[in-house]
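The values are calculated or read from the model by the stated rules, or taken from the named source; none is laboratory data. Given the structure is predicted, the values throughout are model-derived calculations rather than measurements. Every residue, glycine as well, gets a Cβ built from its backbone with ideal geometry; the counts of neighbours run over all protein chains shown. Please note that ligands, DNA and RNA were not included when accessible areas were found on the heavy atoms of the full protein model with its side chains. Shrake-Rupley method; radii C 1.70, N 1.55, O 1.52, S 1.80 Å.
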Amino acid sequence: MPVLVVEIDRASLAELGPWPWPRARLAALVARLHADGAAVVATDILFAGADRASPAALARLLAPALPAPEAAALAALAPALP
């Protein structure tokens, strides 16, 4: 079975933005590889700490900038977000 190595290179970073990429972007990459016929996908990426671009993290960052009712509603929803 052939092996294909997909590298995150300078061109990828220039096109898609600086590292670290949001985990949703990496998940989309893995989904695309599977859709294109990959039988197995392996990564050599350390996922240390929480995803700073996750919906829950963004909700926590945005809440203080909102009026009180909206901030409270967003704070209530944040724990259920990925």
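Open to solvent by less than 90 Å² (accessible area, probe 1.4 Å), of a type outside the set (Ser, Thr, Tyr) and part of a helix (DSSP H, G or I), is that true of ALA39?
Judged against the criteria, ALA39 is not a match.
When you check ALA57 against the structure, is it in contact with an Asp or Glu (Cβ under 8 Å, 6 or more places away or on another chain) and modelled with pLDDT under 85, yes or no?
Answer is yes for this residue.
Would you mind telling me which numbered condition in (1) modelled with pLDDT of 90 or more; (2) within 20 Å of PRO82 (Cβ to Cβ); (3) open to solvent by less than 60 Å² (accessible area, probe 1.4 Å) SER12 fails?
(2)
Among all residue pairs at least 6 apart or on different chains, which show Cβ distances below 7 Å where the first residue, located in segment 1-18, is free of Cβ contacts under 8 Å to residues at least 60 places away in the same chain and the second is open to solvent by 80 Å² or more (accessible area, probe 1.4 Å)?
LEU13/TRP19; LEU16/ARG25
Filter segment 43-64 down to the residues that are open to solvent by 90 Å² or more (accessible area, probe 1.4 Å) and either assigned to a helix (DSSP H, G or I) or closer than 30 Å to MET1 by Cα (or both) and list them by number.
Hits for segment 43-64 are ASP44, LEU46, PHE47, ARG60, LEU61, LEU62, PRO64.
Looking at (1) assigned to a helix (DSSP H, G or I); (2) open to solvent by less than 80 Å² (accessible area, probe 1.4 Å); (3) farther than 26 Å from LEU4 by Cβ, which one does ALA28 not meet, given that it meets all the others?
For ALA28, the failing item is (3).
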